[in-house]
Structure formats: C-alpha cells, structure tokens
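Below is one structure, written out as structure tokens; the observations come after it.
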Protein chains: 2
Amino acid sequence: MANKVQVLYDFSAEPGNNELSVREGETVTVTNQNIGGGWIEAQNSRGEVGLVPEDYLELSKPSPLTGAGTTTAPPSVGNVAAAPPPDLSFFDAFAPASTPAQSQVDAGELSPQPDTPDTPYLPHEQTSNGGGDPWSAWNTDATGGASNNWASKPEGTQTGRSAAPDPWGAQSHPQAYQGPGAEEDEWDDEWDDVKSSGYAESESGEGGAFQRGGAQGTAMKISLNKFPGFSKSGPELYLLAKQLVKGSQKLSIYMGEVGPVWSYPDNQLDCVVADPKKGSKMYGLKSYIEYQVTPNTTNRPVNHRYKHFDWLYERLLDKLGSAIPIPSLPDKQVTGRFEEEFIKMRMERLQGWMTRMCRHPVVSSSEVFQLFLTYKDEKDWKTGKRKAEKDETVGVMIFATIEPEAPDLDPIEVEQKCDQFSRFTKAMDDGVKEILTVGQEHWKRCTGPLPKEYQRIGKAFQNLSSVFNSSGYQGEATLTDAMTAAGKTYEEIALMVAEQPRKDLHFLMETNNEYKGLLGCFPDTLAVHKAGIEKVKEGDKLVATSKIGPQEKVTMAKRVSTMSYTLQAEMNHFHSNRIYDYNRVMQLYLEEQAKFYETIAEKLRQAHAQFTTM
Amino acid sequence: MANKVQVLYDFSAEPGNNELSVREGETVTVTNQNIGGGWIEAQNSRGEVGLVPEDYLELSKPSPLTGAGTTTAPPSVGNVAAAPPPDLSFFDAFAPASTPAQSQVDAGELSPQPDTPDTPYLPHEQTSNGGGDPWSAWNTDATGGASNNWASKPEGTQTGRSAAPDPWGAQSHPQAYQGPGAEEDEWDDEWDDVKSSGYAESESGEGGAFQRGGAQGTAMKISLNKFPGFSKSGPELYLLAKQLVKGSQKLSIYMGEVGPVWSYPDNQLDCVVADPKKGSKMYGLKSYIEYQVTPNTTNRPVNHRYKHFDWLYERLLDKLGSAIPIPSLPDKQVTGRFEEEFIKMRMERLQGWMTRMCRHPVVSSSEVFQLFLTYKDEKDWKTGKRKAEKDETVGVMIFATIEPEAPDLDPIEVEQKCDQFSRFTKAMDDGVKEILTVGQEHWKRCTGPLPKEYQRIGKAFQNLSSVFNSSGYQGEATLTDAMTAAGKTYEEIALMVAEQPRKDLHFLMETNNEYKGLLGCFPDTLAVHKAGIEKVKEGDKLVATSKIGPQEKVTMAKRVSTMSYTLQAEMNHFHSNRIYDYNRVMQLYLEEQAKFYETIAEKLRQAHAQFTTM
C-alpha cells in the first residue's frame, strides 16, 4: 500500500486539521489511501505524517481515472467540467450482463455483485477560503443575472461549492450543508458505491457531470436521446404518432375548481426514510449506507442504497420527465468527514425528495415507484427493475397516456398558458434565489461575527466586574455578582445566536433549495411544450408542403391541447404544493424566530433582576 | 461677501449632501461663508453651487489664523497638534481690562463685551471615511496598549474623531456622538463664542490643545504652574508650608463604615440643565447658545453659556484638582450641522457633568460652584467671579484645608493605599476602554450591516410573495398576504435594530465615556500623592543634609497622612458613585434590551398569526 508519489502542487496545511504541508516536486510516501473525502494520508521525508488532498499527488494507480490528477493546474472552481469524462470500460468489465438500455444504468442491483475496490475519486476542488460557508453550494446567482438554465444555454462551469479542505475543522456547520452544488464527485465510494451514470457526459455532451445539478434539469435531453433519430425539436414523436401506446396505464385529468387537475388518490402515499445502516461487501473492502424506507401503505420497510434512489430517479425522469418536473436527488457529497452529520443530512434530503414524489399523484401511482417502495424480495425487485428498464412509454410518449376529460383547447390559449407558466417559474426562480442569497449571508453573520460580538460584550462586562471586585470596597458584590451574571448572559446569547440558524433558517433554506431544484426542471419541460406549439403553428405550412396530411394537423392540435392540460394540471399541482410548503416553512421560521427572541428577552430579564433596585 | 478663491486640494462631493466636488487649482466663488461647521458654500465656473470644506479653499481672510489653511497638505487625523497655536493678540485687543490672572481666563463675563465677528475656524480634519462612526471619538485604545496618560507621557497626537464631511448625510447618528475627542477646535463660534483658554499651549507647552481631552487630565500641570518657582515635584509647597492657609473653609473627613469619607450634606444638591436658547450679540453678527441651569436649592434658573461652564471647570481644577479628579467638560464639537441634535447632545453631557459635580460634597459646597448656580444678578456674578479668580488656596494647598478626624497613618500604609488605588484605576481604565471598543463595534454593526440584512430578508419575502401573487392560482392570497406581512415585519425589525443603540447602548457608552474621562484624571492626582510619599521617604536624608529640620519631617509625615485620608475619602466617593452609576446603567441597558427583544418577538408572533394553520 505504501508507495512513493510526487507532489503536483503546493499545499499549505491548516493548523489543527491533521494536514501536511507539501511542496510541488516533493516526494511523499502514501501511508493510507482509504481516508476518503479526497484526502490521502502521507509521510514526508522528515517523517511527518498528515493529510494531503488526493489530487495534489501524482498517484500512479492502475486506473484510467487518475489521469485527471495529472493536469497542469490544480482543479479549481469553474474548470471542473473540463476534466475528462470517466472511462467506464473499467467498470463495464465487472458489470453484469444487461440489456442495451441497462448498459447506461446498471447500478440498481440488490444482488451481490463484484464491485470495484478502491475506486479512485475524481479530483475535488480545493478552495482557498476553507469552505466554511455551508450555503456557498447553492449557486445563488439572483444578484448576478439570470441562471444558466433560464438563459437557455447549457453551461458546465457553474459551481459554487467549496470542498472544504478542513477535515476536522472548527466550523460547526455540517459538511452536508454544502448542498447540491457538489456535482462533480461521481465516485464517492466511501459513502456509497460506484454510480454508473456517466452517460450525461458521453451522450448529451452538454456540460457533462454538471447536467445533474439541482437547478440543471436534464429531463428532456436524456429522454429524447433515447429515441434514435428523434430530433431535438421534440414532441413530434407524440404529436404525429400513428398509433398511441396501447395497454398503458391511463392518466386522467379532471376539471377542478382551479382548472385542470390530476386525479388524486383518496389516501396520500407517504414514506419514512430512516435508520441508515452501514453495510459492506467484497469481504468488507467496500462499505455503503443503506436506508430503511417505510411506506404508509404496507408499513413494511424496504432497504435502499443511494444508488437505488438514483436508479429510481433515472426511471422517473425517463418516463415522466417530459410532463412532470422530476427534481434531482440530493447530490452525492464530496466530503464525508463528519460522517454522522453527513448521513443525517443526506437522509433528510432523501426524505424530502421521497415526500415530494409521494405527494405527486402520477409519480406515486407509477409502477416503478410502487416497486421501489413495496418490493417483496430480491427476485421481485430484480424482475420489476428489468421490466421498468424495458418500459417504452417514456419521454414525450407519456402524453399519449393522458386523457383530459375536457374539450380541446384553442392553440392560442395553449400558448398563453405556456407563456404564463414560463414567466411565473422564471420569476419564482429569481425570488427563490434571492432568498437563498440573503439567507446565506444571514447564516454567515449569525454563525460568525454576530455571536463573536455578543461574546465580547459578555467578556467586557465580566472583565469590568472582576476589576470592580478587586476594589476592596465594601458591598461591591451587590454590583459585581449581577454584572458577572449579565456578562454570562451575553455569552449565552452568543451561543444561542450561533445555533439558531440550524433551528429555523435551515428549513427555510432547505425548502427554497428544493424549489430551486424543482424550478430548474421547468425550462426543459416548458421547452417541450413550446416546441409542440411551434409545430402546430407550422401546421398549415406542413400540410401545404405535404409533409403531413390535413387529418394529422387536426390530430396535432388535439394532442397539443392534451399537452397543455397536462401542463396546467402539473402547474396546479405545483401551486398547491408550493402554497402548502411555503405556508409551512414560513410558519416554522417565524415560530422559531419568535421563540428565539423570547428566550433572549427572558434571559435578559433574569439578568436584570439580579441588580439591586436603587 | 462673494469673493473668488483657489481650491487647495481635490474634494469629492458625497451624493445627496449638497456638496460640491472641486479640483486642486480650480477657482471658485464663495457664496456663503457663514455655513458653519467648517463648510463654505461656493460656486464653480459651471455655475454649480455646493458646500466645500473650508480648509480646502485658500481663503484670503485678514486673520492670522487662516495661515493654517495654506499648509501643503490637508490636515489629517494625527497631525492637528502640529498646527500653529492661535495668535491671541487679535482677541486681546478686544478683551476687557483684567487682572493678571484674568489675562489667562477672560471668558467668564456676562456683560456685553466686544466680540470678534466672523472668527475663522481652525482647520478641521477631513477624513476620507466619511466619519459615519459616532464612537470613533473615544480613542478606545484598550486593545492597542496602555493609554497615553497611564504611560505617563503627554502626547499631543491623540485624536480619533472624524469631522464627518457629511453635512446632511444619511447617517442617522447625531454628530454629537463624536464625543470629547474633538479637541482641536477652540473657536467654535457658531455654537458659542470664543473661548480664550489658549494658555494650555502657551504655558504648559505639553501637547497644546490636546491637554484638554476627556482622558487627559491636566489638573496638576495647570495648578502647579500657577505658583512661580514651584517645581514639578509637587506637594512640597503643602508638606513644608510654614503656615497653613488661614480663614479658609475647612473640609472634614470622617471615618465611615467603608473607611475615610467626606462629610456629605443632608440634602444632595442637584440641578437641571435645560432650555437651550440661541442668543446673539454684536448686532446679531455673533450667536451663541445659553443654557438654563436650575439648582434644586433655590429652584431659580440661571443662564450660562458653554464658556461659563468652562470657566467653572477651570476654577474647580485650580482649586480642587490636586485632591479631587475634576473631569473635563464635554468638549466643543467641531461640527454643528445637525444643530438641534448637537445642542441636545451637548446639553445632555453638560447635565451629566453638572450632576457629577453636584454629587461631590466638596465641589458642590465650594463657593465658586455655589456662585455658578445661585448668582443673583450680573453684579453678583462679576464680583464672585473676580473673587474666585483671586483665590489663593489652590493647587496642593487644598490639602491644608482638610481635617481628618482620625489618627495619623503610617507612611507604609499611605503608600500601600496609593498603590492600590493606582492599580485599581488603571485596571478600571482598561475595562472601561474595552467596553467602549466593543460597544463602538456593536454600534456600527447595529446601525450598519445588521439592519440592512433584515431589510433584505424582508424584501426577499415580499418579492417572493409578489411573484406568488402573479400565479393566477385560486386562494393564493391566503399565503401572500401573510408572507408580505412577514416581509414588512422584518423591515420593521431592521428599523428597530438600527434605532435600538440610541435607546440603550448610548447610555452605556456615555457612562463609560464619562468614567474614561474621570479615570484619566487619576494619574495626575495620584502623582501628587506619590510625590508626597517620596518626599516623606527622603525625610531622614533631608534632615541629615539639613535641608529640613526634624520637626518639619514630623510635619511632613502628618501632612502626607492627611493627603492619604483625602485620597481615601475621594476613592470611597468614587467607588460609591461608581457602584451607583453602573448599577443604574446596567439596569437600564438590560431593561431596554429585554424590551427590544420582547417587541421583536411580539411582532414575529403577530406575523406568524397571519398564516393559515394547516
């Protein structure tokens, strides 16, 4: 295991973090390569041992992935997308036989399977600011202009996460707060095993790994690409299909009070994600976390690893993504040093994602989602899995299963609705990002300078009190006892201030972050609709040039109307959930804030009472 | 009045402040020279009119003082002391005939007297940071080492005040908060008329105008200098006096529970400083502010201008300063643009000073203090004034009037007590400065970034709410009305946060600032005692070398014991007042802080109640 390697870049250890400073060109001995989180334990020529960022070392491992470590400059924020896509052939060698569709998504297996020991990490970012900012991940560009997605051009350079090079740092925020910006680490085998979803790079070719980000919905790109020869213009496949899918489950849309609505089940599905357990395989060489997922329907827990959630996400994206924005999973984290906090945070976010999926009538009633929640045994899971992967009613063909119980819409109305939703989701995206930006700053202040100041006020009172105590003047204690207590009160307030964001701001941020991810899926969803509308507008021309027949034109208009009903039902679902979510999170925030200030006031009243009335 | 002048230095106008940007070498026309506060209204060649700092212009006024405006660089913080001392001959020409003693202190006249029209200002500092910091005046060097005074060397370069070049700026703090650091402006005739106490420069020669600063007690230097030939070593004059002052009022010291104490009157003197009125003289060419001072003994108001307070201060310093630390008056302010705020602040500080003087049994019973509070008419005032100025029981001779009703103290005990007080006052000085430093930072945060952040949170909520309102979704208002209200609540909280320091921190700062000034007088007072102790220690040697006789040695020991009783009585007075003051201000602070947080909590509860329970 111990091998000598060359240092590629200078690295300055942070004091107290077990890190080792190294200089470019220096040779160090790797003493432990299984630290995880992008760190390697190494020993220098003076015998000093400490952690060094893995990608600062020229590790000559027999893996094609380490090539990324030999680039000429340290990977930094903004250029990670330029790293070469991982060569998957290494993993394919171990992959079980699979259908062509499965060659892209082969991670959902429950059965023991050969796994890759010591899978090397992709290089991580190393930022100079120490990554003490838990919200920097959120790429809140509200102040800096439109988001990438809304500007309608794919960008691979967006990343705000800092891979805190501070393994046991003094920062009290969980690493897990780094949020869904941590997108470049696809190989986080310390916490889960290999995720073979590298197709984003190899197929869409638009931004590589970054396509998976919270606000970077890639639903349509992926789904459309699954139909060879299907042009990017989109929904023609459905609009002009000679024969719609037969035998598929039909999705009804009703006219509700608010307009078109999905058919909601009488009992809402829900589930609990809990009880994360560390499992291992390959004779203990590889470990992973397994979560217990218990639906309220069966009340029988099933176990799933992160990669199973990811498999489910891919299936939902393929099948429903054209009609329903499927938010990305909480991303894999680059760091896992605060193991418990990290697992807790991932679990919390997986729970949030599952809850949202359960709440959606179409998602929750889908066969693949039901399979995920209620499979009986491994055989059942495997069978269902293969079936789901063979499902051909995916992409825009989902519209073929939709049956709106209402008259067809006028194409002009269809377009107006689409534009309205487009404006709204764009505006909300801006609003959500503003809250994330402001909240991030507030978080920083509340956990940084503000409590420090209260602490200093507390210390100043106590110091003066202790001077007073030395006066030798009789009856001094009546003042100094009270003054010392007042000083201690301000120290308590300092602690309260620093801890408060986890109690309220955290949930406000999480909710808005979830919505940021969800809103990031809309541009793609809306693009399908816009493409459909454009096609219908061209109808006359297409008939005139005999590209389609007159009947096909009528069918197109009818089908685009179905698409519009779908969109409206989905928007109404979105609105009703949004109102519920924001009502809830605002109430929680204000309630916790009020309690916080009440507690401070109470403490101050107690401190005040210690003084002698004069 | 309108004359063309050259611009000496570049000046950039702050937007919204009626200022005019000028370039070095440019010629402007002075349109109004009576703006005050160091500003001149001028018009440039493009016809634009605005304010320019006076000392940025080469004003060719026929006054010897304007020479300061032609120095080669703009006066800046730290080099003001280098400005030439004002030539007083200009004013002497107008001064009424006076005794030799009065030639130093000629400002205390009530009778109409010729005054100097348009007395030019001394150059003011112009700081680049805009002077938005109200506490910067306080020279809180707790973190930067010992204060000047405690380090036992006079320094003339100490000044932290910034003469805010922002006449109507957005800063909401009163200029008056600039505090007693504003020491270089002796000629503030906008708010009071000329103060002819320029002797600090011409006589003590130690730091000039800066000797008058809050923490710069100069009691002894001034008093000792009044006895020609009296060496700086100090208290010999008293210790070796052949005959003690006769006919003087005797000051008794009793043994109380806490040790030696002054004799306190049955009814404590108090007074109210109120009702500031603008007066004018010289046919309206000069204006000043007159305050009404009403003692609780006569309940009859008397009028005094700032310069009368200053005259009183000088008399008390001369007469009692060796035994009793006489805190400096609140200093004249360089800026008076917020006229009302400034007057209010000066009045508040004059009130604080008078209250402290009233509380002191020796000061309050002194003839000169009684004269100040209870003179019947101008003739009465004038007569009393001349008498006070002729008083010869000043400086260390005050000890000759003290009669402790207790046995003589052992010189070793005397020295121990003195050292103890020295340690205590030094330690308290550090503690007080720490509070001022921390408080100043807290003030800045509470009036700067913190409310801005709450405002942004409020705006973010309201913006998102307004986006939600545009959804067109039915029942949206149940959420958006509440969310908008929550946003407005955070805007209200922002205002509250910004205004709170005036309601609590202000008094904490004022009290500590007062104590900083008072503590700054102790080194000089203690130095007199230490010199006395040293003299007594030398007793045997002095007898051996026949410099004194054996009886004189005994007298010295007895008298140094009297001095020690005086110091102890004064320290006990200080301690009892200190305990009272800090008890009071801490209670006020905690009470207001508790109320503040309670109000915030209440507002948040109200905002919370607007949301629909789900």
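Summary of computed values
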{"read-out": "Across the identical copies, how the B:GLN292 labels are spaced - nm, sorted shortest first, 7 Å along Cα→Cβ", "value": "8.1"}
{"read-out": "Fully extended contour minus Cα-Cα distance, from B:ASN32 to B:LYS452, at 0.36 nm per residue", "value": "147.5 nm"}
{"read-out": "Under 15 Å, Cβ to Cβ, from B:TYR565 - net charge with Lys/Arg +1 and Asp/Glu -1", "value": "-3"}
{"read-out": "Per-residue Cβ neighbour rank within 10 angstrom, fewest leading, B:LEU526, B:LEU51", "value": "B:LEU526, B:LEU51"}
{"read-out": "Amide H partners (placed H, <5 Å) of A:SER21, local residues excluded", "value": "A:ALA13"}
{"read-out": "B:ASP270 long-range amide H proximity, modeled H, under 5 Å", "value": "B:ASN296, B:THR297"}
{"read-out": "Whole-Hz couplings from phi, Karplus 6.51/-1.76/1.60, listed for the stretch A:496-509; x for Gly and Pro", "value": "4, 4, 5, 8, 4, x, 5, 8, 9, 4, 3, 6, 4, 5"}
{"read-out": "Amide H contacts of A:ILE253 (H built 1.01 Å from N, under 5 Å, at least 5 apart or other chain)", "value": "A:GLU403, A:GLU405"}
{"read-out": "Neighbour-count order for A:CYS418, A:CYS446, fewest beta carbons within 10 angstrom listed first", "value": "A:CYS446, A:CYS418"}
{"read-out": "Exposure proxy order (Cβ contacts within 10 Å, fewest to most) of A:VAL5, A:VAL272", "value": "A:VAL272, A:VAL5"}
{"read-out": "7 Å along Cα→Cβ, label-point gaps from B:ALA477 to other copies, nm, shortest first", "value": "6.5"}
{"read-out": "Copy-to-copy label separations for B:ALA13, where each label sits 7 Å from Cα toward Cβ, in nm and ascending", "value": "6.0"}
{"read-out": "In order through the stretch B:318-329: 3J(HN,Hα) via Karplus (6.51 cos²θ - 1.76 cosθ + 1.60), integer Hz, x for Gly, Pro", "value": "4, 7, 10, x, 6, 9, 10, x, 9, x, 4, 5"}
{"read-out": "Per-residue HN-Hα couplings for the stretch A:420-430 [Karplus 6.51, -1.76, 1.60; θ = phi - 60°; Hz; x = Gly/Pro]", "value": "4, 5, 5, 4, 5, 5, 5, 5, 5, 4, 4"}
{"read-out": "Efficiency of FRET from Cβ geometry, A:ASN469 and B:LYS344, R₀ 35 Å, rounded to 0.05", "value": "0.45"}
{"read-out": "Chain A, rotation onto B, residue closest to that axis via Cβ, with its distance in Å", "value": "A:TYR597, 2"}
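Values in this text are rule-based calculations from the coordinates and carry no lab data. Source: prediction; values computed, not measured. We place every Cβ from the backbone using ideal geometry, glycine too, and count neighbours over all the protein chains shown.
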